[in-house]
Amino acid sequence: MTTSQTHTHTRTARTLPPISRLPAPPPLWDRRFALFFTARTVSQVGDAMMPVAAALAVGALYGISGVGFVLGTWTGTFVLLVLFGGVLADRFGARRMMVGADLARVLTQGVLAVAFFTGPPPFWLLVTMAALAGAAVAMFLPGVNGMVPLVAREPQRANATLKVADALAQLLGPALAGLLIVLTGAGTVYAIDSGTFLLSALCLALIRLTPADAPTDTPADADSSARTGSSLRRDLRQGWQEFRARTWMWAVILIWVGYGVLVFGPLVPLSSALIGTRLGSNAYGVAVSFLGVGTVLGGLLALRLRPARPLAAGAAAMALFTVLPLCVALDAGLPVLLAGHVLGGGALAFWSVMWATSVQTHTPSAVLNRVSAYELAGSVSGIALGQMLAGPALALASPGRLLLVSAGACLTGAAALLAIPAIRTLRRAAPADGGKPEAPTGPDGG
């Protein structure tokens with residue numbers, strides 16, 4: 001290139017407009033998210049051990065009905081109190097409520113550990129501790145949705161990352177629980193669970209939120225009610241109005257109640273009995289671990305895919321969950337059984353990320369904890385009922401036939417999610433103004 005050409009090229013380059021580049025995604029792994037991630041992950045490892053511990057240890061003492069009643073008591077207490085947990089999280093701060101709930105669960109799981117170490121615990125103690133633990137979770141979970149936008153600028157990336165961690169916990173926890181019960185007994189499992197909550201409480205206590213993290217879209221009446229010390233009834237009513245205003249939200253929850261009663265509630269008691277009787281206790285722990293493998297894959301998929309209509313994509317994925325109860329009901333061999341758990345875990349994980357992100361980005365942050373409490377209460381209430389009915393339902397049909405009903409209900413639920421326009425057409429909210437969600441773009445204005 002000659003000198004004149006070089007000068008011409010330089011002048012041309014200076015006059016050309018700059019090439020626009022897509023903005024780089026904001027960093028995810030800062031100190032706050034790392035602490036939150038650690039808190040959620042370590043406690044989820046302990047939590048993942050609990051269904052196996054309850055199914056095997058409690059089941060060996062009190063049978064399927066005992067397992068269903070203990071799990072149902074935990075879930076039922078949660079449903080009864082979670083609305084108050086949402087109000088308290090909005091009033092006193094999600095982080096503070098989560099730390100207190102973790103410390104309460106250190107106590108409940110520690111008591112059960114001592115009880116199992118000293119001999120077979122009485123049924124009343126199992127039920128009492130389940131109720132107290134359920135109450136603690138009711139104070140904890142409403143704040144999780146509210147905390148995610150405070151510790152991460154991109155909720156979908158954060159939710160998907162947390163889901164992968166949850167999946168790894170589901171992969172490690174059940175297998176570890178089954179092994180520990182065989183080698184050392186259930187007391188060790190409950191002691192480890194107690195320790196995980198202690199570490200979780202410490203990590204959450206170390207998170208520092210600045211005044212800039214306070215909600216900026218607080219409704220005017222919320223400000224005035226905070227100054228005058230609004231009544232509990234007013235707070236609950238405001239949360240209900242926000243929940244009811246979103247057709248896509250309450251429609252999903254109605255369908256999820258059916259999922260809880262017919263699919264998720266009876267799945268653990270029935271499948272643990274069927275798989276444990278046919279293939280042994282360790283096989284059930286391995287199967288639940290493979291559910292965690294699927295959850296990892298579903299979370300990783302949610303990290304990469306950003307569907308324009310997230311709930312429609314999640315509903316399509318949920319149709320694949322049908323394979324899980326179906327392969328258990330049909331007495332499939334271990335390889336098919338494990339593959340079914342992988343597919344089911346992936347489907348449920350992908351739906352969970354799409355759902356959590358939709359709730360977080362289409363709900364004002366000032367009422368997010370209360371709205372989350374309503375959606376949690378509705379979706380989990382069906383699970384509590386399903387867990388309690390699992391034992392009595394055996395008088396009507398065998399576990400295999402009941403799981404065939406679960407498979408049919410799962411497929412029907414996915415079809416119902418896709419059939420409702422408010423769910424099917426809800427669009428992904430694009431982040432704006434430094435990560436704050438834009439106004440909702442749902443078909444019903446919510």
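Things worth noting here:
- The range 129-209: trypsin sites (Lys or Arg not before Pro) in DSSP loop, at most 13 other beta carbons within 10 Å: Arg208
- Estimated vicinal HN-Hα couplings, Hz - the range 320-329 in sequence order (Karplus 6.51, -1.76, 1.60; Gly, Pro = x): 6, 5, 3, 4, 5, x, 5, 5, 5, 5
- By average C-beta atoms within 10 angstrom, highest first, the peptides 269-275, 366-372, 330-336: 366-372, 269-275, 330-336
- Here Met139, Met249 are placed in order of increasing Cβ neighbour count within 10 Å, fewest first, which gives Met139, Met249.
- Coupling constants for the range 405-411 follow from the phi torsions by the Karplus curve (6.51 cos²θ - 1.76 cosθ + 1.60, θ = phi - 60°), and in residue order they are 4, 4, 4, x, 5, 5, 5 Hz; glycine and proline get x.
- Gyration tensor over the Cα atoms of the range 235-353: the corresponding equivalent ellipsoid has semi-axes (square roots of 5 times the eigenvalues, largest first) of 30, 18, 11 Å.
- Kirkwood hydrodynamic radius of the range 348-391, from inverse mean 1/r over distinct Cα pairs, in Å: 11.8 Å
A short reminder: the numbers here are calculations on the coordinates, not readings from a lab. This one's a predicted model, so the numbers in the text were calculated from it and none came from an experiment. Quick reminder, even Gly has a Cβ in these numbers, built from the backbone with ideal geometry, and neighbours come from all protein chains shown.
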